[in-house]
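Notes for the one structure printed next.
Nothing in this text is a laboratory measurement; each read-out follows from the coordinates by a stated rule. Quick caveat, the model's predicted, so the values are computed rather than measured. All Cβ positions, even for glycine, are placed from backbone atoms using ideal geometry, and neighbour counts span all protein chains on display.
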Amino acid sequence: MTDHADAARRRELQLRAFAPEGSLTPEEEEELRMLSAPEPVREPPVAAAPASAPEDVTRPKAVESVAASEFEPESEPASDSESEPGPASEPVPAPDPASEPESTAVPARRPRQALAVLITVAALILGVGAGWLSAPRTDNAPPAMTAAQQKIDAEIVASGDFDAGSVRFRGAKDGAALWSATQKDKPCVVLSVDGERSTGCVSGERSDGGVDYPVTQMQTQDGNTSTSFVGSLVQTLSGEWAPVIQHMQMTASDWEGQYSQSELALIDILEKAGLHGSELQILGYDGDIPVWFTYGLNRCLAVVDPATSAVQQHCTDSEAESPLEITLGDSTYQAVWSDRRGPTLTVLKQTSGTRISCDTETGECTWVDDTPVERG
């Protein structure tokens, strides 16, 4: 049958077989099974080798592995007339194992090679990690210093004011350079501006559990502009001292605006005596006489005599712990510096026949009665 006739016959048998109350004879069922079976793929016949040629023992394995049944002719469906028997087909000989070629496929990577690669990668990772852990840290390394800063650093160390090995350069900003050090285990800060230095030290921990921060201040004057620099150390959450540099500029009109005209006239007198007007502040009054105090490289206590315009002043460096004291008429002015409160002014008045005697070491003053006593 042709392909179209086979398909038509198959559909006819399927309709009869699956129709309600349909049935097929055993012969028709066998015919439907043969028509529904997939047609095997036919391979082109292999040309026979010449009789004189030797047997080819290198035939591809794919050709030898083809089942013999694939080369058998397709069975024809049964018909009413019996077909004449034909010559029997010769059996295909079984393939000779000795004649099969060796496999040419690339062998898969052995597990041992993959394990060696993993071990190599792990060793590299461990080596890099160990090198990072053992490398010196640069986070806490001091910043580089200029030649001028190196000179100042050497001067600070050579001064002997600080514990050996404690001087450390912390950095520079806005023209000011900062160092930290310890003085008998007290934290200190050293500020340098234009070649001048100022130092501030504190005890670190107070009896009330608080912490004092070392701080120092300097001022520079450029015409009518005054620049104030503040250097300090602030304790971080981890307990380390972090450096801080701040600066503020003021013109003459800025700081002069807080004073009256009479006070500005007194400032002009004090400036002629060598004090900087922008560093002055009124610490207190004795009647209508203002008592002045200055901050900077030196701390000064000053007063202007209203009768003569003469200036009485007492200055000391910022690290001195002794009190500042001056006398004007029957009044003695004493200023004591405290890191916690700043300066404190005390005004002492003399009476007739008495005088004040002050201990420059402790700052304590006592009255001494010089009135002569008549003895009978």
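Tabulated data
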read-out	value
Formal net charge of residues neighbouring Leu275 (Cβ-Cβ distance under 13 Å; K, R +1; D, E -1)	-1
14 Å beta-carbon shell around Ala148, net charge (K/R +1, D/E -1)	-2
Leu301, Leu13 arranged by Cβ crowding within 10 Å, fewest neighbours leading	Leu13, Leu301
Residues Met248, Met34 arranged by fewest to most Cβ contacts within 10 Å	Met248, Met34
Potential lengthening between Asp6 and Glu28 on full extension [0.36 nm per residue; Cα-Cα distance subtracted]	6.6 nm
Sites Asp288 and Met145 - FRET efficiency at Förster radius 51 Å, r taken between beta-carbons, to 0.05	0.50
Under 13 Å, Cβ to Cβ, from His314 - net charge with Lys/Arg +1 and Asp/Glu -1	-1
Of every Cα-Cα pair in segment 223-312, the percent that sits beyond 16 Å	61
Highest to lowest packing among 325-333, 4-12, scored as the average C-beta count within 10 Å	325-333, 4-12
Simple spin-label estimate for Asp194 and Thr236 in nanometres, 7 Å along Cα-Cβ	3.3
Neighbour-count order for Lys349, Lys173, fewest beta carbons within 10 angstrom listed first	Lys349, Lys173
Theoretical FRET efficiency, 1/(1+(r/R0)^6), r = Cβ-Cβ of Lys184 and Gln312, R0 41 Å, to 0.05	0.75
